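Before any comments, here is the structure.
The values are calculated or read from the model by the stated rules, or taken from the named source; none is laboratory data. Fair warning: this is a prediction, and the values are worked out from it, not measured in the lab. Glycine gets a Cβ as well: all are built from the backbone with ideal geometry, and neighbour counts include every protein chain shown.
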Amino acid sequence: MPIGTESYYQRPDIVKSPEEALALLKEGNQRFAAGQTLRQNVSEEKRNSLVANGQKPLAVIVSCSDSRLPPELIFDQGLGDLFVVRVAGNVLGPLTMGSVEYGVEHLHAPLLVIMGHNHCGAVKASVDGGDAPGSIGAIVARIKPSVDIVRSSGVEGDSIYDHVEDINIKAMVAEVQASPIIQELLHQGSLSIIGAKYCQETGKVTFFE
């Protein structure tokens, strides 16, 4: 073992239980929020091992592309630990859904997390309305049903953004649950799905359990 590798963060080689995977994410986020992240192994030996032995991520994370919330940092995980799908507004479509299905079916990740965050620009654009240039309109259109749900409930003022963020996360959870591939894994008990929301100010992730 190279000098100093004993101080690296280490997790079980294979995490099969959704409960164990969620516990590891929670522990990692607690470290991140407290500013006590562990040393990650990014050595040549680690990289070569992942090539030779393949990846065995403990979770698939669908998150917003916002540069302020990289899941690997937020959950204090390293190379090969998370299979991350990032898109503005943490919304799903055929391509992103294909990536999710690959992560849980082919790579056997036992946990799928749909993670949004506060102060989401994609949500704000969807709530505020107006013209969205280019393909940005496709993202806004995916969030609009959540906007309509919140507006119809009578929510007003700045709190509407927070509510839409929450409803959009829950809507994406429901969408992945409709996938036949994911339904089969849920039926087998080999996969769990959970929504989550990251707070930029505190660094903490709240899971919608």
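The residue that is nearest to the chain's Cα centre (by Cα), counting only those in the range 71-91 that are closer than 18 Å to residue 22 by Cβ and among the charged types (D, E, K, R), is 72. Here the range 92-106 is the region considered, the condition is being surrounded by 16 or more Cβ atoms within 10 Å (Cβ to Cβ) and among the aliphatic types (A, V, I, L, M), and the residue that is nearest to residue 145 (Cα to Cα) is 92. Between 36, 55, the distinction of being of a type in the set (S, T, N, Q) and touching a Leu at 6+ places or on another chain (Cβ under 9 Å) belongs to 55 only.
Total residues in the range 3-40 satisfying the condition of being under 19 Å from the mean Cα position of the chain (by Cα), among the aliphatic types (A, V, I, L, M) and modelled with pLDDT of 95 or more: the figure is 6. With respect to residue 105, determine if the residue is part of a helix (DSSP H, G or I), in contact with a Ser or Thr (Cβ under 7 Å, 6 or more places away or on another chain), farther than 18 Å from residue 25 by Cα and in contact (Cβ under 8 Å) with a residue 60 or more places away in the chain. Judged against the criteria, residue 105 is not a match. Within the range 112-120, is even one residue touching a Lys or Arg at 6+ places or on another chain (Cβ under 8 Å), surrounded by 15 or more Cβ atoms within 10 Å (Cβ to Cβ) and free of Cβ contacts under 8 Å to residues at least 60 places away in the same chain? Looking through the range 112-120, none of the residues is touching a Lys or Arg at 6+ places or on another chain (Cβ under 8 Å), surrounded by 15 or more Cβ atoms within 10 Å (Cβ to Cβ) and free of Cβ contacts under 8 Å to residues at least 60 places away in the same chain. Restricting the search to helices (runs of 4 or more DSSP H) fully inside the range 2-74 and requiring at least 1 residues that are surrounded by 13 or more Cβ atoms within 10 Å (Cβ to Cβ) and among the aromatic types (Phe, Trp, Tyr) gives 18-33.
Of the listed requirements (1) at pLDDT below 95; (2) farther than 29 Å from residue 17 by Cα, residue 209 misses just one: (2).
Got at least one residue in the range 135-157 being in a helix (DSSP H, G or I) and exposed (fewer than 10 other Cβ atoms within 10 Å of the Cβ)? Yes, there is a match, as at least one residue in the range 135-157 is in a helix (DSSP H, G or I) and exposed (fewer than 10 other Cβ atoms within 10 Å of the Cβ).
In the range 184-205, the count of residues that are out of contact with any Cys (no Cβ under 7 Å at 6 or more places or on another chain), surrounded by 15 or more Cβ atoms within 10 Å (Cβ to Cβ) and in a helix (DSSP H, G or I) is one or more. Criterion first (in contact with a strand residue (DSSP E or B) (Cβ under 8 Å, 6 or more places away or on another chain), surrounded by 19 or more Cβ atoms within 10 Å (Cβ to Cβ) and modelled with pLDDT of 95 or more) does residue 164 satisfy it? Criteria not met by residue 164.
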